[in-house]
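Nothing in this text is a laboratory measurement; each read-out follows from the coordinates by a stated rule. Everything quoted here is computed from the prediction, not taken from an experiment. All Cβ positions, glycine included, derive from the backbone under ideal geometry; neighbour counts span all protein chains shown.
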Amino acid sequence: MSVLEIKNLHVNVETDQGTREILRGVDLVIREGEIHAIMGPNGSGKSTLAYTIAGHPKYTVVGGEILLDGEDVLEMSVDERARAGLFLAMQYPVEIPGVTVTNFLRTAKTAIDGEAPAIRGWSKEVSESMKALRMDPAFAARNVNEGFSGGEKKRNEILQLELLKPKFAVLDETDSGLDVDALKIVSEGVNRAKANTGLGILLITHYTRILRYIKPDFVHVFVAGRIAEQGGSELADRLEDEGYDRYLADAPVS
Ligand code: ADP
Ligand code: MG
Ligand code: MG
């Protein structure tokens, strides 16, 4: 049984104005097959948490731990984290000029598995996943995210998720900018990945809308760099009605 543990995590970011403390003691345990939703206002540090798990160099961990099955994630390079089974779908997926979707997927798969996938089976898997995500087969030959619409970029993130088969995925606002049809397709992809591989999911979102399609086991309210409250899916319903005001009243002014 795989488990991702975040313990009393404190993270700073270096800005032009100096050092800023963004995460102020985050505690979170995600087990295999669990879906945890993190909801919170803009600027509360949700993406910072996602980037810190993935190992982005801009974010400095000044306290606490991240453990994957007991192994110290903070000691791992970005590549080692991916090989260990961590995956980040970014809020703003980046363009990779000169690298096609096909080549990117194959290179990433090879790096993660330590050997190239067998061509036949792999090509079939790629085209089936693209079909399930209603992606035009022509996308396979296009450069990653270059000229993709917002919705196409998000689908491409889920394509990677389905094919790379991580243990834990952080999905950072994968729902933002999607129309209802795209939201359903993306959600089905996430649910398939969970059903097929027992994926554990940290689903960062601004809105409760996606939680109609991806049912969270736990909901965490994230305010001013820490978890202010946690509960089950009923907490998401309450946030929809009440917003974040009552948490913000208690938050320190930064
Ligand atoms: P959220 O994803 O919840 O909207 P972020 O993690 O993106 O929040 O940002 C949290 C705070 O940290 C914001 O005030 C943001 O401006 C600041 N911040 C995050 N990353 C950086 C960075 N690379 N440089 C400067 N400030 C940053
Ligand atoms: Mg934001
Ligand atoms: Mg964000």
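The figures follow:
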read-out: Principal-axis tilt of helix 180-197 within the chain, Cα atoms, nearest 10 degrees; value: 80 degrees
read-out: Label point distance in nm, Asp245-Ala195, each placed 7 Å from Cα along Cα→Cβ; value: 4.1 nm
read-out: Residues with amide H under 5 Å from that of Gly64, placed H, sequence gap 5 or more; value: His10
read-out: DSSP beta bridges in the stretch 3-248 [antiparallel fraction, %, rounded to 5]; value: 60 percent
read-out: 222 nm mean residue ellipticity, helices alone, for the chain (DSSP H n ≥ 4; -39,500 (n - 2.57); rounded to 500); value: -11000 deg cm²/dmol
read-out: Estimated vicinal HN-Hα couplings, Hz - the stretch 14-27 in sequence order (Karplus 6.51, -1.76, 1.60; Gly, Pro = x); value: 8, 10, 4, 8, x, 7, 10, 7, 10, 9, 10, x, 9, 10
read-out: Spin-label proximity, Asn103 to the stretch 52-82 - amide N less than 14 Å from point 7 Å beyond Cα toward beta carbon; value: none
read-out: Pair Ser123, Asp16: separation of 7 Å Cα→Cβ label points (nm); value: 5.1 nm
read-out: Angle in degrees between helix 101-113 and the longest Cα principal axis of the chain, rounded to the nearest 10; value: 70 degrees
read-out: Neighbourhood charge, 14 Å Cβ-Cβ cut-off, centred on Ser77 and excluding it, Lys, Arg +1 and Asp, Glu -1; value: -3
read-out: Choice from Lys167, Lys194, Lys58 showing the highest fluctuation, given a GNM over the chain with Cα pairs closer than 10 Å; value: Lys58
read-out: 0 to 90° range, to nearest 10: angle between helix 119-132 axis and the chain longest Cα axis; value: 60 degrees
read-out: Kirkwood Rh, angstrom, the chain [1 / mean 1/r, Cα pairs]; value: 18.8 Å
read-out: DSSP bridge pairs, the stretch 121-247: antiparallel proportion in percent, nearest 5; value: 50 percent
read-out: Spatially close lysines, pair count over the chain: Cα under 13 Å, gap of eight or more or interchain; value: 6
read-out: FRET efficiency estimate (nearest 0.05) - Cβ-Cβ, Glu71 to Arg24, R0 25 angstrom; value: 0.50
read-out: Efficiency of FRET from Cβ geometry, Ala132 and Asp217, R₀ 30 Å, rounded to 0.05; value: 0.80
